[in-house]
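The values are calculated or read from the model by the stated rules, or taken from the named source; none is laboratory data. Since this is a predicted model, take the numbers as computed values, not measurements. Using ideal geometry, Cβ is built from the backbone for each residue, glycine included, and neighbour counts are taken over all protein chains shown.
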Amino acid sequence: MIPAALDTPLRVLGAPSSAGAAGRLTLVNGHARLTWPGQEEASAPWEGDEVGTSRPPAGTATTPSVPVGGTDAAPDLGGELYIGPGWVDLHTHVYDAMTQISVAPDRAGLDAGVHVVADAGSAGQATIDGLVRYVIPAAGTQVRAWLNIGSHGLVHLRETADPAFIDVDATLAAIDRHREVVCGVKVRSSGAIVGAMGLQPLQLGRLVAREAGLPLLVHVGEAPPLIGDVLDLLDAGDVVTHCYHGKTGAPWLAEGAPAPALARALDRGVLLDVGHGAASFGFDVAARALAAGFPPHTISTDLHVRNIAGPVHDLATTLTKLLHCGMELERAVEAVTVTPRRILRMDQPWLGDDGAIRHATIFRLAAAAPPDRAYVDARGDTARPDRHVIPVATVREGVITEL
């Protein structure tokens, strides 16, 4: 039985070519499928709209999309429902019970509408086996890992401050052992972490990543090293996380355009990731960059025990903040679905040709915030968004789970 809250037209985002602008959940042999109004009987010709413009299968009659509550109804304070590919959080910390900052994968993941979480360097070569053997099998959420160039990972938080903490050959061997989990190499390249090592951890991380054929995920923050020197070491497919931090030395000009080193990096195909975190996101920085035409490629949380109660909370809250800063809804959803899946090499379709749902997140775009939710950036500035992303259900291989 379809839950009553979901038995209504759903706006479709990230639709494949066989999908239309609005659909309904139906059950076939107990598994959810997405169908379109009028699919079983002839009715008015299909009309696309601004949310989804793909045409249904040839020869299939459908009705025009109708907003929840009907076009003439009073505004629904609960907001309209959307369905699209299952969300992905590219930067989390979920090596539960091993590092001092990690949360359980399902708290960052399925409990919050997120199907895939990528742990960002909580494990290094000396500790990755425990993540793979014990944490990942106990989680319902799919987990991938950016392997820290520091051997211990985040067991302590100056993981690359000493050359003895980095072992290139052992890191390559760990990647080979766990190719199904390791998606790339993580390097935290800021002064509080690298100390006198400067650029050397990044240079060694780059060496490992290139030998393994994987991308880098690079944390940027306070200097040294200088952000320009960091960015000049990155290549196409590498990811800069904490891209909208407001610390001294951020890679943006005052009006929001990228500084020269960032402009060169973007031209090479380097990708921008939000990585909100406890200290790495500013409303003003993000808003200026978005206004200048530089949205993030991916939106992630950097979720851990020090920010899960605020300011980050979850991926939906971070999405809401990016919408408030001026990002378009469709682009924001792409930044938590299609693009991170491509980076993780998990870009399987979310919807079958017959409408069978493999992985999907259903969310509400509401006018009211969740109870007791404040939208605060890393510097304590508060925003009052007029649209709030609230996940309401996940669908995995046809199984609907309300949140």
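When Gln203 is tested against the conditions (1) crowded, with 16+ Cβ neighbours inside 10 Å; (2) more than 22 Å from the chain's Cα centre (by Cα); (3) polar (S, T, N, Q), the lone failure is (1). Among the residues of segment 99-144, those identified as part of a helix (DSSP H, G or I) and surrounded by fewer than 23 Cβ atoms within 10 Å (Cβ to Cβ) are Asp106, Arg107, Asp111, Asp129, Gly130, Val132, Arg133, Tyr134, Val135, Ile136, Pro137, Ala138.
Look at Asp96 and say whether it is closer than 24 Å to Pro391 by Cβ, modelled with pLDDT of 95 or more, in a helix (DSSP H, G or I) and within 22 Å of the chain's Cα centre (by Cα). Criteria not met by Asp96.
Residue count for segment 266-291 under the criterion of being out of contact with any helix residue (DSSP H, G or I) (no Cβ under 9 Å at 6 or more places or on another chain), over 18 Å from Leu234 (Cα atoms) and outside any loop (DSSP other than H, G, I, E, B): the result is 5.
Scanning segment 183-236 for residues that are part of a loop (DSSP other than H, G, I, E, B) and of a type in the set (Ser, Thr, Tyr) turns up just one, Ser190.
For segment 221-244, filtering for residues that are hydrophobic (A, V, I, L, M, F, W, C) and within 14 Å of Leu271 (Cβ to Cβ) leaves 6. For segment 212-232, filtering for residues that are under 13 Å from Gly184 (Cα atoms) and without any contact (Cβ under 8 Å) to a residue 40 or more places away in the chain leaves 4.
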